[in-house]
Amino acid sequence: MAPQAATVAPQNLVHRQHEQEVLVSAPTRLEDGLYESAPGPGEPSPYYQDHPHSYWADVLFLAELGRQAGMSAGHAYAGLSLGTAFFFNSVMVEILDLPRLNDLRDRPRVRTRQEVLATRKDGTPRQLVFSQEIIDPANVPLARTKMEVQGLQAAKYEEIRRYQRGGSQPPQTSTVEVQAAPGAHVLPSPLLGREDRSNVVVSDLECGPGRSHARLSPDFANTSLFDHDYDHYPAMVLIEAGRQVTVGSASGGSGFPVVTRVSATFPGFAELDAVTTVSAQECASRFEVSVEQNGSAVSSMQMAVEWLR
């Protein structure tokens, strides 16, 4: 059963300030904790189309599609307050059929299952787990996602963030600047799977035997990565940084390397005013990715790569 209407989801349901960054329709309820959305009727923002392959084969696009589908269903049907500040504990994205997804012409459906919802006394989610299947018109699953989220009342979130920083107020993306390291080298965007240099989020990539590392240095004016003001690097930016370092260091295949699986955890907030490094180590058929600040990991990921001709 397809969604009854392709009405674009309200921006507040998907936590997006810019209309062009809304990727899904308003959700419809099916049964047994299932909800269904459709990708928006238009094309996504230019950021997601900045690839040598289809945006459907972009794990970041699929992750954001799943995030918006899950969050909008939670707000519309599970009673989650629109005033809740959400943050991610883990994100998983897996492409099941890369050639078919890359050649997709007809819009698929996004089917969401709410697996866990445990709330605190104030109604905020202590644990929210939702998963999706991206299903083509022939009812074939092409990709799947799963995410674990927490939420706090906005005032409580701000209090915790100050406590974590020893009492100091975290900076915002609207005011902070990434301080370029001396001699910082901006990388050729095609090396990292991008055409537009403004979509490159890392610099100073160094590739060694089996291991590569770079510095996180995104453009805070990029509204696809920073749709609104943040006081930390959001999970999607860290995933994109890991994807770019992985693609930039992949070798040995024929064609173009495409990340087809991401499994990421986020044990802490990635602070905007700390130097952030991204490293990738190739282990058999996957890459182990670590995002670190001050010697501690703020994200650990596993990424798998397939080569697309």
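The values are calculated or read from the model by the stated rules, or taken from the named source; none is laboratory data. On a predicted model such as this, the values are computed, not experimentally measured, just so you know. Neighbour counts are summed over all protein chains in view; Cβ atoms, including those assigned to glycine, are modelled from backbone coordinates with ideal geometry.
Checking each residue in segment 274-307 for being surrounded by fewer than 19 Cβ atoms within 10 Å (Cβ to Cβ), assigned to a strand (DSSP E or B) and either without any contact (Cβ under 8 Å) to a residue 60 or more places away in the chain or hydrophobic (A, V, I, L, M, F, W, C) (or both) picks out CYS283, ARG286, GLU288, SER290, SER296, ALA297, SER300, GLN302, ALA304, TRP307. Going by the structure shown, is SER54 at pLDDT below 95, of a type in the set (S, T, N, Q) and within 14 Å of ALA143 (Cβ to Cβ)? Yes; evaluated as a whole, the condition is true for this residue. Between ARG215, ARG261, ARG243, the distinction of being under 27 Å from ILE134 (Cα atoms), part of a strand (DSSP E or B) and among the basic types (Lys, Arg) belongs to ARG261 only.
Checking each residue in segment 263-296 for being under 19 Å from LEU205 (Cβ atoms) and aliphatic (A, V, I, L, M) picks out ALA270, VAL275, VAL278, ALA280, VAL289, VAL291. The residues of segment 117-157 that are modelled with pLDDT under 95, among the charged types (D, E, K, R), out of contact with any helix residue (DSSP H, G or I) (no Cβ under 9 Å at 6 or more places or on another chain) and over 19 Å from THR265 (Cα atoms), listed by number, are ARG120, LYS121, LYS156. Of everything listed in (1) among the polar types (S, T, N, Q); (2) closer than 30 Å to ALA57 by Cβ; (3) part of a strand (DSSP E or B), the single unmet condition for GLN127 is (2).
Screening ASP219 on (1) crowded, with 20+ Cβ neighbours inside 10 Å; (2) in contact with a helix residue (DSSP H, G or I) (Cβ under 8 Å, 6 or more places away or on another chain); (3) of a type in the set (Asp, Glu) shows it passes everything except condition (1).
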